[in-house]
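The values are calculated or read from the model by the stated rules, or taken from the named source; none is laboratory data. What you are looking at is a predicted structure, and each value in this text was computed from that prediction instead of being measured. Cβ: placed from backbone, ideal geometry, glycine included. Neighbour counts: every protein chain shown. All accessible areas refer to the heavy atoms of the entire protein, side chains included, with ligands and DNA or RNA removed. Shrake-Rupley method; radii C 1.70, N 1.55, O 1.52, S 1.80 Å.
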Amino acid sequence: MVVHSLRLQDLIEEIRGAKTQAQEREVIQKECAQIRASFRDGDPLQRHRQLAKLLYVHMLGYPAHFGQMECLKLIASPRFTDKRVGYLGAMLLLDERHDSHLLITNSIKNDLSQGNQPVQGLALCTLSTMGSAEMCRDLAPEVEKLLLQPSPYVRKKAILTAVHMIRKDPELSGIFLPPCTKLLRERHHGIQLGTVTLITELCERNPAALRHFRKVVPQLVQILRTLVTTGYSTEHSISGVSDPFLQVQILRLLRILGRNHEESSETMNDLLAQVATNTDTSRNAGNAVLLETVLTIMAIHSAAGLRVLAVNILGRFLLNNDKNIRYVALTSLLQLVQSDHSAVQRHRSTVVECLQETDASLSRRALELSLALVNSSNVRAMMQELQAFLESCPPDLRADCASGILLAAERFAPSKRWHIDTILHVLTTAGAHVRDDAVANLTQLIGEAEELHTYSVRRLYSALAEDISQQPLVQVAAWCIGEYGDLLLEGNCEETEPFQVEEEDVLALLEKVLQSHMSLPATRGYAITALMKLSTRLRGDNNRIRQVVSIYGSCVDLELQQRAVEYNTLFQKYDHMRAAILEKMPLVERGDPHVKEGGKEKQTGAQPLEVTAPAPTEPQATKLLDLLDLLGDTSEPLSSGHAQHLPPQTPSPGEALIHLLDLPCTPPPPAPIPSVRVFEREGLQLDLSFMRPLETPALLLVTATTTNSSKEDVTHFVCQAAVPKSFQLQLQAPSGNTIPAQGGLPITQVFRILNPNQAPLRLKLRLTYNHSGQPVQEIFEVDNLPVETWQ
C-alpha cells in the first residue's frame, strides 16, 4: 500500500490537531519516514517541498539533521524556488561546527557573481547568518564588489554581511574602509543605517579605522541635525520622532569617535545640546534617543553645562511611569556618580523615593545609587533614609543595605557617638545580615571612645534586654558588659534615660544568653567570658558565676568546654591572679594585630619587663609555660637575668598576664612561605599567603586577601577555586562581599587544600564582581606557587 506524503499545510493542520504529545510524535515520525524515502528516491521536483516540511519539524524541536545534504543540493539547483528553500535550510540546519557548511562556499560565490538580485540577496543573508571566518575570508572580495552595486537592495544586504565578516575576522577591516565614506553619502535609509553600523564595528575593532573615520564627524553631525530638524521621510518616523533607529546608531558612533578626542567632541557639542532639548519625551522612541544622547555626552569631552543637562534628563527619567525607563536612569546615574557627583546630588530626593519601589531590581539599583551618594555633608540625612529602608526592605536586599550603611558610616561618621548609634541600629534591625567584621569593628570603635564607655554599655544592655535573637548584637553587648560592667552599675549616664541596674539582673541576662537555643557557640563563648570578667568587676559574691562556669565544663561544644575548664582552674588554683588576667583588653591598632605598647602599660599598671630578649644560648622551650602549670615548681629562669630576681611563687600581675598569653611548648616554627600576587586589574589586587600546620604536613592553608585601591567600591565579590583531582579543596566563607574604595577593609577567604601525594600545586580561580556599575568575570590559572607549598 502506497502512503502519500502530506502537503506542508496539511501537515501543520494535523500536528496542531493532535490532542496529546504522543499523537504529535506519531504524526511527525510517520512524516519524517516519508521525507527520508522521498530524499532517497531523488525526485528533484519534490525535494524543496519535502525540505520545507522538514524545516517546520525542526522548528518544533525534533531532529532534522538528515536534511543537511539536501540543502546543498537545492542551493546548487538553478531554480529559484529550490534556492530559496535551500538557503533557508542552510541558515537553520548548518552552522560553523559542521564541516558540510564549507561545501556551499562555491555555490554562494557563484550566486554572488551572477546578476540575479533575489538570488544575491539569499546568498548574502545566508553568509551573514552562518558564515565562518574561513568563508568570510574567501568571499570578502565578492561582498566588496556588491557594496558599490547600483541596486539599493543588494547594497543594503552586502553592508550587513560586511558587518558579520568584520566580527568574524577583524583583519578584513582594510577591505571595507574605502567604500564606507562613499556609502555614507547615500540618502537611502537602509543603506545609511547599515553603513553607520559597519563604521561602528570598524572603529571598535581597528584603531586605524577609528583615526580614519574621525574625519567624517562633521558629515555625521550634519546627517543627525537634518534628522532632528526636518527628517527624511514620514515613513521612518515613530511617534513623531524622525527615524529614531538611525539617530541612535549615529549617536553611538559619535560616542566612539569623540571618546578621548577633544576636537571631535567640540564638533558635536552643539548638536548634542540641540538633540537633548528638542527631542519629544512623551514617547518611548524619544526617550531612547535621549538616553543615547546622555551616554554620548558623558563619554566625550563635553562642556560642564552639557553634562548637567544630561544628568537632569536622567533625573526626569526617574519620574517616568515606565519601570524600564526608571531602571535605565538609575543605572546610568550610578555610572555617572563618580565623575559628576554634585550634579547627581541634585536628584537625591528622587533617588531615595525609588527605594520604595515594589520591583526588586529597581529598589536594588536605587539602594546602590543612594549609598554612592552619601558623603560627609549629607551623611546624617541619608543614613536616616537608609535605616528606615532597612526596617522594611525585602530580605534579599537586607544584607546589601546593612553592609552599605556600615561602610558609609565608617567613612563619613561625623562623631564617634553617631557612629556607635548607627551601628547599633543596624545590629538591632538586621543583625543576622551584617558583615562578619561588624562585631570586631564595633568593639574596636567602643574601645577607642573612652568617653563613651558608659553610654555604650548602657545602650547595649538595654538592647540586649529587649532582644537576644540578633547574634552580632548579643556578641557586642556581651563583650561590652564584660569589659565595662562596673560602669553599668555605677550610676546614670546623662545621655541615656536613667535606669537602675542590679548585679543579679546582669548575671541573669548573660545566663539567659547562655541557655537560649538561638545563641551560636561563638555567642556563648562571648557570654561565658563576660561572666568571668564580671567576677572581677562586681562587688558581690562570685559563687553564682563559679556555678555557671562549672556547669559548662562538661559542655558538648569543645570550645566552650575548654573555656569553662580554664576559667574553673583560675577560680580554684590561681584565684590570686584572676584580677590581673581579666583586666580590660588593651586597644588594638586598626589593621595591626599587635597590642599598643602604651595602652598595655597603662592598663596593666606594671613596669616593662625585659622578657622578650632571651639570651642567645637559652633554648626557646624553657621560656614557654603552659597555662595550667603557670605557677608550677620550676627552677628555670623565665628569660633573662631580670626575671631571676622575682619570687618564683608570687609573680607580679603584669608578668603573669604576659606569660598567660604565651604559647605552650612547641618546636620553632618553620620559615614563612612567601606570598604571591595572582591578580591585579583596575585597582583590584588579590594576594595569596600560605601556611602549613606542623601537625598536618599534607594540609596547606591559603589565605586569599583582596584589596581595592580604585576610586569606586567593588560589590558582590565572589572568589571560587578549583584544584586537580588528586587534591582535596575546602572553601571557607569569605569575610564579606564588598571591598570599599581607596584601600578600605579587604576581603579575606581561607582555602584548605589537602595534598597527600605532595604533587605540584595548581589553582584555577574565578572572580565575579561589580565595579563601576559593570559586572566583571575573570577566570585564570595560578601555577607559579612557591615550592614550599607542596614539598
Identify, please: which residue in the stretch 240-262 is among the charged types (D, E, K, R), touching a residue at least 40 places away in the same chain (Cβ under 8 Å) and assigned to a helix (DSSP H, G or I) and is, among those, nearest to residue 191 (Cα to Cα)?
252
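So that you can scan it fast, the table gives a plain yes or no per residue for (1) in a helix (DSSP H, G or I); (2) surrounded by fewer than 22 Cβ atoms within 10 Å (Cβ to Cβ); (3) of a type in the set (S, T, N, Q):
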| position | (1), (2), (3) |
| --- | --- |
| 369 | yes, no, no |
| 386 | yes, no, no |
| 389 | yes, yes, no |
| 410 | yes, yes, no |
| 425 | yes, yes, no |
| 430 | yes, no, no |
| 436 | no, yes, no |
| 447 | yes, yes, no |
| 460 | yes, no, no |
Pick from the stretch 558-575, criterion over 17 Å from residue 530 (Cβ atoms) and modelled with pLDDT under 90, ranking: surrounded by the most Cβ atoms within 10 Å (Cβ to Cβ)
574
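Applying the selection to the stretch 164-177, what residues are open to solvent by less than 10 Å² (accessible area, probe 1.4 Å) and under 38 Å from the mean Cα position of the chain (by Cα)?
Restricting attention to the stretch 164-177, the residues satisfying the condition of being open to solvent by less than 10 Å² (accessible area, probe 1.4 Å) are 165-166, 173, 176.
Residues satisfying the conditions are 165, 166, 173.
The rows are residues; the columns are (1) in contact (Cβ under 8 Å) with a residue 60 or more places away in the chain; (2) open to solvent by 60 Å² or more (accessible area, probe 1.4 Å); (3) under 51 Å from the mean Cα position of the chain (by Cα).
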| site | (1), (2), (3) |
| --- | --- |
| 26 | no, yes, yes |
| 35 | no, no, no |
| 45 | no, yes, no |
| 52 | no, no, yes |
| 64 | no, no, yes |
| 67 | no, no, yes |
| 81 | no, no, no |
| 85 | no, no, yes |
Identify the single condition in (1) more than 21 Å from residue 428 (Cα to Cα); (2) open to solvent by 50 Å² or more (accessible area, probe 1.4 Å); (3) under 23 Å from the mean Cα position of the chain (by Cα); (4) not hydroxyl-bearing (Ser, Thr, Tyr) that residue 348 does not satisfy, given that it satisfies every other one.
(3)
Residue 757: touching a residue at least 12 places away in the same chain (Cβ under 8 Å), within 14 Å of the chain's Cα centre (by Cα) and assigned to a loop (DSSP other than H, G, I, E, B), yes or no?
no
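With respect to residue 711, is the statement that it is among the basic types (Lys, Arg) and in contact with a strand residue (DSSP E or B) (Cβ under 8 Å, 6 or more places away or on another chain) true? Quick ask: steps written out before the conclusion?
Numbers: among the basic types (Lys, Arg): yes; in contact with a strand residue (DSSP E or B) (Cβ under 8 Å, 6 or more places away or on another chain): no.
In short, no.
When the stretch 137-180 is examined, which residues are found to be outside any helix (DSSP H, G or I), in contact (Cβ under 8 Å) with a residue 24 or more places away in the chain and within 14 Å of residue 124 (Cβ to Cβ)?
Our first condition is that a residue be outside any helix (DSSP H, G or I); within the stretch 137-180, this holds for 147-151, 169.
Restricting the remaining residues to those that are in contact (Cβ under 8 Å) with a residue 24 or more places away in the chain gives 147-148, 151, 169.
Within the stretch 137-180, 147, 151 qualify.
Working carefully through the options 73, 30, find the one that is surrounded by 12 or more Cβ atoms within 10 Å (Cβ to Cβ), basic (Lys, Arg) and under 30 Å from residue 109 (Cβ atoms).
Numbers: 30 fails: under 30 Å from residue 109 (Cβ atoms).
Result of the check over 73, 30: 73.
Residue-wise test of (1) under 30 Å from residue 337 (Cα atoms); (2) hydrophobic (A, V, I, L, M, F, W, C); (3) open to solvent by 70 Å² or more (accessible area, probe 1.4 Å); (4) touching a residue at least 12 places away in the same chain (Cβ under 8 Å).
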{"residue": "692", "(1), (2), (3), (4)": "no, no, no, yes"}
{"residue": "702", "(1), (2), (3), (4)": "no, yes, no, yes"}
{"residue": "718", "(1), (2), (3), (4)": "yes, yes, no, yes"}
{"residue": "745", "(1), (2), (3), (4)": "yes, yes, no, yes"}
{"residue": "753", "(1), (2), (3), (4)": "no, yes, no, yes"}
{"residue": "766", "(1), (2), (3), (4)": "yes, no, yes, yes"}
{"residue": "784", "(1), (2), (3), (4)": "no, no, yes, yes"}
{"residue": "789", "(1), (2), (3), (4)": "no, no, no, yes"}
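Kindly evaluate residue 70 against the criterion of being touching a helix residue (DSSP H, G or I) at 6+ places or on another chain (Cβ under 8 Å), at pLDDT below 90 and of a type in the set (Asp, Glu). First the steps, then the outcome.
On the way: touching a helix residue (DSSP H, G or I) at 6+ places or on another chain (Cβ under 8 Å): yes; at pLDDT below 90: yes; of a type in the set (Asp, Glu): yes.
Yes.
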Failed criterion for residue 89 (all others in (1) surrounded by 11 or more Cβ atoms within 10 Å (Cβ to Cβ); (2) over 20 Å from residue 129 (Cβ atoms); (3) modelled with pLDDT of 90 or more hold)
(2)
Quick check: is even one residue across the stretch 323-344 more than 22 Å from residue 389 (Cβ to Cβ), hydroxyl-bearing (Ser, Thr, Tyr) and open to solvent by 30 Å² or more (accessible area, probe 1.4 Å)?
yes
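On the given criteria, is residue 402 modelled with pLDDT of 90 or more, more than 25 Å from residue 526 (Cα to Cα) and buried (at least 17 other Cβ atoms within 10 Å of the Cβ)?
Numbers: modelled with pLDDT of 90 or more: yes; more than 25 Å from residue 526 (Cα to Cα): no; buried (at least 17 other Cβ atoms within 10 Å of the Cβ): yes.
For residue 402, the condition - modelled with pLDDT of 90 or more, more than 25 Å from residue 526 (Cα to Cα) and buried (at least 17 other Cβ atoms within 10 Å of the Cβ) - is not met.
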Name every residue in the stretch 211-227 that is in contact (Cβ under 8 Å) with a residue 40 or more places away in the chain and either in contact with a Pro (Cβ under 8 Å, 6 or more places away or on another chain) or surrounded by fewer than 18 Cβ atoms within 10 Å (Cβ to Cβ) (or both), in order of residue number.
214, 218, 225
Please state which of the following conditions residue 735 fails to meet, knowing it meets all the rest: (1) assigned to a loop (DSSP other than H, G, I, E, B); (2) in contact with a strand residue (DSSP E or B) (Cβ under 7 Å, 6 or more places away or on another chain); (3) under 29 Å from residue 332 (Cβ atoms).
(3)
